[in-house]
Amino acid sequence: MIIAVTGRNFDIPNREAIELLEKAGHTVRCANNPNIGTGAPCEVVSAVIGDADVVIAGLEPINAAVLDKCPNLKLVSRRGIGYDAVDLEECRKRGIGVIRTVGAVEAAVAEHVLAYILYFARRIDLQTQSMHEGKWVRMNLPGAKSRVLGLVGFGGIGKEIAVRAVACGMRVVYYCRHPEPQWEEQYQVKYMPLDELLAVSDYVSANVPLTEATTRMFDEAIFAKMKQGSIFINIARGKVMDDTALQSAVASGHLAGAAVDVFDYEPCTDSVLLNCPNIVLTPHTASLTQENFCNMNILAAQNVLAYLEGTIDKKHVLVQF
């Protein structure tokens, strides 16, 4: 079979995932197109997939416009866990399977959130800058211990964030549609209605999937309900927040800062959040550690082989044929 890889950096840090597929007798075509990502033009994506039987996809759209031009496609393997860019119903209608790499991404993303929290908690960047300028300025900073972290969404990523935050002595509260009482003891967290969570949290992390209900969920009204001087973190999807409303909330001083890893389209070099003091921006790198990316690539490849053999673990399957 021909396997097209639209997901970027499938050969980083090594070619192990590619070799796994090639040893199984498949032809692998890696696009390595830096312009393919969230919101990529459909014609660019479909041109890369072409006559392939399988696509290993990143965050680029896999929809009717793409599938119309890819008549041989039988399987979409998502490198990652979010599937908002894949039109599942369209895949069902066309008999195309859809799978994802559950369990390969959550820990690295949680680590990234913790890095954001520690950035604001200790501001090592300002301290080292001051020292290199020949100054001795001791900063009395808030720290992370005893601060309240509010997790909006408590799936795999939310749970991994909670484990790390609790280890730092933070108090963790969460909101989701289907809370489970046993999580409070298991993860040392407390469920709260959304408005209550927003009012008490020093940090609010958006960990929700992108759906119709969560699109622009974090808007002017939500930011206004957040605690004065708190920090907003988005590692979910760009479209779960209103960028302009976030910029205004930070500029006004109501929020002390924000950290954003995801954007409406990617690569994004013209965000309204650029050059905004106290807003930390990263280029969708929450999952991009050497170990994690290698593991995601390998699992995406293994999932393809297991699906074709009929042995795939059902937790990875979104659409089965």
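The values are calculated or read from the model by the stated rules, or taken from the named source; none is laboratory data. Predicted model, so just to flag it, every value in this text is computed and none were measured. Cβ coordinates were reconstructed from backbone atoms using ideal geometry, including for glycine residues, and neighbour counts include every protein chain displayed. For the accessible areas, the whole protein counts, side chains as well, though only heavy atoms, and no ligand, DNA or RNA atoms are used. Shrake-Rupley method; radii C 1.70, N 1.55, O 1.52, S 1.80 Å.
Considered as a group, the residues in the range 306-321 that are in contact with a strand residue (DSSP E or B) (Cβ under 9 Å, 6 or more places away or on another chain), of a type outside the set (Ser, Thr, Tyr) and open to solvent by less than 70 Å² (accessible area, probe 1.4 Å) include one that is nearest to THR101 (Cα to Cα), and that residue is HIS316.
Residues in the range 280-305 that are open to solvent by 20 Å² or more (accessible area, probe 1.4 Å) and among the aliphatic types (A, V, I, L, M): VAL280, LEU281, LEU288, ILE298, LEU299, LEU305. Filtered by the rule that a residue be among the β-branched types (Val, Ile, Thr) and either open to solvent by 10 Å² or more (accessible area, probe 1.4 Å) or in contact with a Pro (Cβ under 6 Å, 6 or more places away or on another chain) (or both), the range 110-120 gives no residues.
For the range 242-279, what are the residues that are small (Gly, Ala, Ser), open to solvent by 30 Å² or more (accessible area, probe 1.4 Å) and in contact (Cβ under 8 Å) with a residue 40 or more places away in the chain? ALA256 - this is the single residue of the range 242-279 that is small (Gly, Ala, Ser), open to solvent by 30 Å² or more (accessible area, probe 1.4 Å) and in contact (Cβ under 8 Å) with a residue 40 or more places away in the chain. Going through (1) open to solvent by less than 20 Å² (accessible area, probe 1.4 Å); (2) touching a helix residue (DSSP H, G or I) at 6+ places or on another chain (Cβ under 7 Å); (3) not in a strand (DSSP E or B) one by one, ASN9 falls short only on (1). When the residues of the range 277-311 are narrowed to those that are over 19 Å from PHE120 (Cα atoms), modelled with pLDDT of 95 or more and hydroxyl-bearing (Ser, Thr, Tyr), which ends up nearest to the chain's Cα centre (by Cα)? The extreme case among them is TYR307. Checking the stated criteria, ALA206 turns out not to satisfy the condition of being among the small types (Gly, Ala, Ser) and open to solvent by 80 Å² or more (accessible area, probe 1.4 Å). Looking at LEU114, LEU118, just one residue is in a helix (DSSP H, G or I), farther than 21 Å from GLU266 by Cβ, touching a Lys or Arg at 6+ places or on another chain (Cβ under 8 Å) and among the aliphatic types (A, V, I, L, M), and that residue is LEU114. Yes or no: the range 282-298 includes at least one residue that is part of a strand (DSSP E or B) and among the hydrophobic types (A, V, I, L, M, F, W, C). Scanning the range 282-298, I find no residue that is part of a strand (DSSP E or B) and among the hydrophobic types (A, V, I, L, M, F, W, C), so the answer is no.
Under 8 Å between Cβ atoms, which residue pairs at least 6 apart in sequence (or on different chains) link something in the range 228-241 that is over 16 Å from HIS254 (Cβ atoms) with a partner that is open to solvent by 40 Å² or more (accessible area, probe 1.4 Å) and of a type in the set (Val, Ile, Thr)? Partner pairs satisfying both residue conditions: LYS239/THR215; VAL240/THR215.
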